[in-house]
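Before any comments, here is the structure.
The values are calculated or read from the model by the stated rules, or taken from the named source; none is laboratory data. Not measured: the values here are computed from a predicted model. We place every Cβ from the backbone using ideal geometry, glycine too, and count neighbours over all the protein chains shown.
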Amino acid sequence: MSIQTFNLSGIGLNLSSEGDIVAYAGWGTESTLEAQVELQSNERLLSPKIRIEFKGVVETYWDNRSRLASHPSSKNYPITHAVRTFHHLAAVIFDEAVLDPSPGGSSTLIPFSFDLPMTDLPPSFYSVSGAIYYFIKCTLTFSTGFSFINKSRELVVPVRIHMPDSAKLQMTRHLRQLTHTGQETTDRIYYSLTIPTLVVYVGDALNVNLQIHSTPIGTRLREVHLTLTPIVAYYNNAGFAHRATFPSPISEIVERFDDSSTSFNTTMRFSLNVDSDTALLTFESPLIISKTYLRLTMTLDNAQEPNIVKEIPITVLPRLYSSSLPVPDIVVSPPTPLPLTPSIPHGNMDFTDADEILTIHSPPEYTALSYEPTSPSDETLNLPEAITTKLKSNSPTSWNVDQVAEWVLTMGGSDELAKTFVDQAIDGSVLVTLTGNDLRNELGMKQLGPRKKMELAIQQMRASSEE
């Protein structure tokens, strides 16, 4: 065996104490991933070339009834994957005529680095229903002796992406406060609500100040109920979303009142712990969205249904990795396409329904959640035209050539097959018309199994588009 050692590892800050490759990147922060390839051979390598690829991938998992997977795949519980590659960087880091064995049998170290994207880089995330993961693929090609046949070796090493401390500090440097006063009407509780900051670290507490000015004549306040709840939406390739359910909220407070305990114009202070065991970080990716909402309800003594219902998005950040890190002087903000801070202006509050937003919003690309204010009694969300247009574009018939090529890859097709689809200008409108003969004779799919699998998928697409 000519290759004795072929390893890939991080360097400096990109090497964790456990030996893993890590990177603190994204969120508008400049970041470089530095690593090295360790190569040792006991004979001369001819035309050695090393190609490095960095990929970011998001997957969601579905059972055979198109429901969100609730446990890992098994023989009795097969699952399918919806896959989206949202970052792909590649470079040749070594290309020489020969590489001789090092004296003494030591390894050759070949360092390299990638400038990571400043935006659209969500943190690594793993769950039974989906995952966001990153990896480096390292491919070595070479020949030896008098053989002209190229040989190859391949490594795939995971990379963990974390939010940089500098970005966290910048987000909390200027507190995003919500101050809201309800309307004074004859049938509604008249109140003022203040949340000192809408951005909290895991393990800290979210503070809420509530002041009741008056209640409708002949009524009194019976209950105030606050819950802090994570909501994770998973999307499939067709743009349909399912929301993950959780057995209990992150934090919950129920305050009940009797006749003697109701006092107008007195500030009630609530503190909801952002429990590290149940809290989820706020992020968006092409197929997975994680958000946390504070839900506030106020109920009168003459009704079972709440008189006031408010849902407020809260940004949950991971704790700082270094307590001594200074706040940066440069302006570091979350990337524009990822609205990870609530879009609620000071002194005003948009009425939203978290479930509705996550059900109807589909992110084929990084797209900001955007919605119109609705009243608490509205059953549906008023969609801006931009979102409506994007929802319509999720149909496979509207895919462009690149989206079709990406679908070919998710179906297990090779890079060469995906390129053939591109060369033949196969867009979505053509894709749904393809037959088994087209796949075999025109696009070169000779293997029966993969061809039948793709043919069946196209038939399902065609049936869906005709409904």
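Observations on the structure shown:
- Take the conditions (1) in contact with a His (Cβ under 7 Å, 6 or more places away or on another chain); (2) of a type in the set (D, E, K, R); (3) closer than 18 Å to PHE142 by Cβ; LYS49 misses just one of them, which is (1).
- Scan of the stretch 29-53 for residues that are surrounded by fewer than 16 Cβ atoms within 10 Å (Cβ to Cβ), more than 28 Å from LYS151 (Cβ to Cβ) and out of contact with any Asp or Glu (no Cβ under 6 Å at 6 or more places or on another chain), ordered by number: GLU30
- Filtering the stretch 139-154 to residues that are touching a Phe, Trp or Tyr at 6+ places or on another chain (Cβ under 8 Å) and surrounded by 16 or more Cβ atoms within 10 Å (Cβ to Cβ) leaves only LEU140.
- Wholly within the stretch 396-467, helices (runs of 4 or more DSSP H) carrying at least 3 residues that are closer than 16 Å to THR80 by Cβ: 401-410, 448-466
- Here ALA69 clears all of (1) at pLDDT 90 or above; (2) surrounded by 13 or more Cβ atoms within 10 Å (Cβ to Cβ) except the condition numbered (1).
- In the stretch 145-189, the qualifying residues are those that are in a strand (DSSP E or B) and of a type in the set (A, V, I, L, M), and the one that is modelled with the lowest pLDDT is LEU178.
- Any hit, the stretch 195-206, residues being among the aromatic types (Phe, Trp, Tyr) and either in a loop (DSSP other than H, G, I, E, B) or closer than 18 Å to ARG295 by Cβ (or both): no
- Checking ALA303, ALA279, ALA238 one by one, the residue that is touching a strand residue (DSSP E or B) at 6+ places or on another chain (Cβ under 7 Å) and not basic (Lys, Arg) is ALA279 and no other.
- THR144 vs. criteria closer than 15 Å to VAL98 by Cα and in contact with a strand residue (DSSP E or B) (Cβ under 8 Å, 6 or more places away or on another chain): yes
- Taking the listed residues ILE212, ILE231, ILE195, ILE189, the one that is under 30 Å from THR60 (Cβ atoms) and surrounded by 14 or more Cβ atoms within 10 Å (Cβ to Cβ) is ILE231, with no other qualifying.
- Qualifying position, being free of Cβ contacts under 8 Å to residues at least 40 places away in the same chain and over 29 Å from LYS151 (Cα atoms), among GLY19, GLY104, GLY12, GLY26: GLY12
- If the condition is being part of a strand (DSSP E or B) and of a type in the set (Ser, Thr, Tyr), then the stretch 1-32 contributes THR5, SER9, TYR24, THR29, SER31, THR32.
- Condition check for PHE142: hydrophobic (A, V, I, L, M, F, W, C), within 25 Å of the chain's Cα centre (by Cα) and either farther than 29 Å from ILE312 by Cβ or outside any strand (DSSP E or B) (or both): no
- Among residues of the stretch 107-135 that are in contact (Cβ under 8 Å) with a residue 40 or more places away in the chain and closer than 23 Å to SER70 by Cβ, those with a beta-carbon under 6 Å from a residue that is small (Gly, Ala, Ser) and part of a strand (DSSP E or B) at least six positions away or on a different chain give the pairs SER129/ALA244.
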